[in-house]
1. Label point 7 Å out from D19 along Cα-to-Cβ: which residues of the stretch 102-132 have amide N under 19 Å?
2. Two decimals is fine: what's Rg over Rh for the stretch 3-52, C-alpha atoms, Kirkwood radius as Rh?
3. Restricting things to alpha carbons, find the Rg to Rh ratio for the stretch 133-248 using the Kirkwood radius for Rh.
Amino acid sequence: MDCDEARQLLDAYADGELDLTRQLEMEAHLAGCPACKEEAERIASFSLLLRTNMELYKAPRNLKSKIRSTLRKEAEPAWLFANARPLAYAFAALVLGFALAWTWLTFYQNKDQELVTEAISNHARSLMVSHLVDCRSGDQQTVKPWFNGKVDYSPPVVDLTPAGYTLVGGRVDILEKRPVAVVVYQRGKQVINLFIWPATRRKVDLDVQSERGYQFCGWNQAGLNYLCISEISGDELEKFEDQLREHVSL
Ligand SMILES: [Zn+2]
């Protein structure tokens with residue numbers, strides 16, 4: 001197993017999803033490759049962080065020490081004794097407000113991170129195990145009805161051939177523990193996985209970014225979340241998003 005192959009399988013390895021042969025090959029590779037081992041540990045600690053969630057609710061250390069020092073000052077019979085107590089309360093309330101905002105923000109950033117990590121794994125796996133599509137067709141009239149009964153909503157399947165994106169087909173994948181529709185496009189040799197699901201729990205809104213060599217972006221439109229992952233350039237992915245948004249709103 002070489003580094004490229006190991007990198008592609010690291011997520012599956014962290015999730016304990018590799019078969020025994022693969023797992024042994026991976027362990028052998030990690031034993032001899034510090035770079036991949038470090039990446040494997042990073043992925044493992046990240047998923048542990050998400051699983052425990054505890055870390056997300058802790059205030060940062062400097063906020064804690066500010067609260068403590070405020071309380072200490074309040075206890076001292078200081079020269080501004082008359083004003084110290086209300087000031088301390090006001091400050092504590094302010095600090096608490098910041099801590100809550102920080103927790104909230106971190107929580108949602110981590111939710112997005114978790115979602116993107118999962119979607120990237122799905123994308124990588126779809127390319128790896130020849131499970132790109134369950135319904136292979138370049139005809140939107142074939143792909144769209146194929147989703148009936150497989151997911152409980154109707155994902156838009158648009159023809160972007162004139163814009164240079166070929167429809168490859170559709171499949172059902174799992175994201176955030178629910179089945180989601182994936183419409184697959186191709187630009188040249190590169191595949192674009194477009195995940196579509198109802199924005200009931202949370203609305204996705206992510207500018208074009210890149211992670212581990214993949215570009216991704218997400219948005220919500222007419223009650224549906226869209227998340228696309230590909231290895232095409234960020235600019236091209238943004239064009240794809242623009243084209244798609246335009247066609248969906250027609
Ligand atoms: Zn390696």
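Each reported figure results from applying straightforward, stated rules to the coordinates on display, with no laboratory input. Quick caveat, the model's predicted, so the values are computed rather than measured. No Cβ is skipped: glycine too gets one built from the backbone with ideal geometry, and neighbour counts run over all protein chains shown.
1. Answer for the stretch 102-132: 125-132.
2. On the way: Rg = 10.5 Å, Rh = 10.9 Å.
Value, to two decimals: 0.96.
3. Working: Rg = 13.1 Å, Rh = 14.1 Å.
Taking Rg over the Kirkwood Rh, I get 0.93.
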